[in-house]
Ligand SMILES: Cc1cc2nc3c(=O)[nH]c(=O)nc-3n(C[C@H](O)[C@H](O)[C@H](O)COP(=O)(O)OP(=O)(O)OC[C@H]3O[C@@H](n4cnc5c(N)ncnc54)[C@H](O)[C@@H]3O)c2cc1C
């Protein structure tokens, strides 16, 4: 029986444990070792729609996990003050569904007219159902089944999510050891043979999964893997997080707010019982104390008994997530700042691909492992490109930080290709299609960010019939016809 050791009991460790326990049809003996004293990172409260697939694969319904994690629904992200272009001071990055097909067609068409200097309405907020769901405070849950999936994500308490997943893995009889690991022991070929705890216990295994967070204990201690830093393109390396109470019995609308501040951006995430707030910033431009003060002021928070949590972020990725008998998952494998809440999605993708490679009947070859690493790297780099686009497209000039992000940071080649196509008369869709293999974000997301930030030339040509009003009316009617009110749906989940 193969013995797998997972090091770390944060979201990455418990997500990996549950997936392996339920999906690898092999005779496995899985042990998870975590430290009580080091603890988990304790932040990370937003997801992409991909998390829905995670719970679906484990056959855990929303009615079970959401109340356990004070979770709410997320229809998208509202980006506020990233752009100073008149009329484009905020835009909504929606999660999509087939309901959007008709109005989105108008949007893409209008964007392309507007790029060519016609006076067409190209603000994304009119054309996507999720933007209207959020502004009307509906949930993304349909009243009756429709013949396609409606994408949506979640907000949740990350500590509670870890505890929930731990309980689930324990129900499946995972071996669980609480100890600090002090040594990682190697074989001659560089593989890991065992780990040693602070009580001197040696834990041997056939395969090791490093979920030890930014410590990256296994990959750092033994394998000296190369870390590809994103610091040259993504400046933010720090964050401060503060939890505040919900001052109302009403549920907040199903959206994350991402607001540009002086030296970074703040998040506001509505859970069922409180807000999660934070400020992601660059320590080159502001101190932790000043960042905390700016966030408190932004939140109107005068209660000094509410404590803040300060975090450093190591931004980038390993070049080999899997080498020999060790796979890195979670913060140990890499991290991209949480602007689009992508970290759990990258964890999931890594685990899923690992399971896929190991589901074949043969032992994975070096070629299999290299392909695995290349695919994960492409995904990380693709997410990085989309995040970087927010900074390159910003039009703020109130602080040197925003000017620096726009003017001094180099675009990656794939982002440069996209921006050049958008700014020129090239066919934008052809460019997206040609670069598809490098892009994690799909066409609607690229249109939304470029148009949402108001990246358009001056209007010099005649009006173009843009149908914004019609599209808005259409989306609103879809919302009212098909979706449940947020309050109604959450009250059902929370048995109120
Ligand atoms: C500011 C910020 C905001 C974020 N927001 C989001 C978001 O909105 N959405 C999203 O998807 N993600 C977000 N993330 C990322 C998310 O928090 C993490 O990806 C996720 O929690 C997984 O973390 P982890 O399990 O890899 O690491 P951790 O939670 O740090 O867990 C590490 C584990 O390893 C153990 N460990 C470490 N060293 C030892 C040792 N020597 N011996 C034994 N055990 C050890 C620890 O005890 C712990 O159990 C955010 C991250 C940051 C920094």
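A few notes on this one:
- Scope segment 252-272; condition within 11 Å of the ligand (Cβ to nearest atom) and over 16 Å from the mean Cα position of the chain (by Cα); matching residues: 264
- Among residues of segment 112-156 being in contact with a strand residue (DSSP E or B) (Cβ under 6 Å, 6 or more places away or on another chain) and part of a loop (DSSP other than H, G, I, E, B), the one that is surrounded by the fewest Cβ atoms within 10 Å (Cβ to Cβ) is 143.
- All positions within segment 457-496 that are surrounded by fewer than 21 Cβ atoms within 10 Å (Cβ to Cβ) and assigned to a loop (DSSP other than H, G, I, E, B): 457, 458, 459, 460, 461, 462, 464, 465, 467, 494, 495, 496
- Strands (runs of 3 or more DSSP E) within segment 167-217 that include 2 or more residues buried (at least 17 other Cβ atoms within 10 Å of the Cβ), under 28 Å from the mean Cα position of the chain (by Cα) and in contact (Cβ under 8 Å) with a residue 24 or more places away in the chain: 207-210
- Members of segment 273-324 that are under 30 Å from residue 209 (Cα atoms) and more than 24 Å from the chain's Cα centre (by Cα): 323, 324
- Among residues of segment 19-36, those that are under 17 Å from residue 158 (Cα atoms) and buried (at least 24 other Cβ atoms within 10 Å of the Cβ), counted: 1
- Meets criteria (more than 10 Å from the ligand (Cβ to nearest atom) and out of contact with any helix residue (DSSP H, G or I) (no Cβ under 8 Å at 6 or more places or on another chain)) for residue 233: no
- Sole exception among (1) assigned by TED's automatic domain parsing to the domain that holds residue 103; (2) free of Cβ contacts under 8 Å to residues at least 40 places away in the same chain; (3) not in a loop (DSSP other than H, G, I, E, B) for residue 426, by number: (3)
- The set of residues in segment 238-261 being assigned to a loop (DSSP other than H, G, I, E, B) and surrounded by 18 or more Cβ atoms within 10 Å (Cβ to Cβ) consists of 251, 252, 253, 254, 261.
- Some residue of segment 323-335 being under 23 Å from residue 409 (Cβ atoms), in a loop (DSSP other than H, G, I, E, B), at pLDDT 95 or above and away from the ligand (no atom under 11 Å from the Cβ): no
- Some residue of segment 181-190 being within 11 Å of the ligand (Cβ to nearest atom), assigned by TED's automatic domain parsing to the domain that holds residue 6 and out of contact with any helix residue (DSSP H, G or I) (no Cβ under 9 Å at 6 or more places or on another chain): yes
- Qualifying residues in segment 1-18 (those that are more than 7 Å from the ligand (Cβ to nearest atom) and closer than 25 Å to residue 71 by Cα) - the one surrounded by the most Cβ atoms within 10 Å (Cβ to Cβ): 16
- So residue 432, is it within 22 Å of residue 117 (Cβ to Cβ) and assigned to a helix (DSSP H, G or I): yes
- Of the residues making up segment 302-319, one or more are away from the ligand (no atom under 16 Å from the Cβ) and assigned by TED's automatic domain parsing to the domain that holds residue 38.
- Residue in segment 155-173 that is within 15 Å of the ligand (Cβ to nearest atom) and under 30 Å from residue 472 (Cβ atoms) present: yes
- Verdict on residue 339 being touching a residue at least 40 places away in the same chain (Cβ under 8 Å), in a helix (DSSP H, G or I), touching a strand residue (DSSP E or B) at 6+ places or on another chain (Cβ under 9 Å) and not assigned by TED's automatic domain parsing to the domain that holds residue 94: yes
- Filtered residues of segment 21-55 (kept if within 15 Å of the ligand (Cβ to nearest atom) and in a helix (DSSP H, G or I)): 50, 51, 52, 53, 54, 55
- Strands (runs of 3 or more DSSP E) enclosed by segment 56-111 - at least 1 residues per element that are buried (at least 22 other Cβ atoms within 10 Å of the Cβ) and out of contact with any helix residue (DSSP H, G or I) (no Cβ under 8 Å at 6 or more places or on another chain): 72-74
- In this entry, residue 385 passes the filter for residues that are touching a helix residue (DSSP H, G or I) at 6+ places or on another chain (Cβ under 7 Å), within 19 Å of residue 314 (Cα to Cα), touching a residue at least 40 places away in the same chain (Cβ under 8 Å) and part of a helix (DSSP H, G or I).
The values are calculated or read from the model by the stated rules, or taken from the named source; none is laboratory data. In this text, all values refer to a predicted model and were calculated from it rather than measured experimentally. All Cβ positions, even for glycine, are placed from backbone atoms using ideal geometry, and neighbour counts span all protein chains on display.
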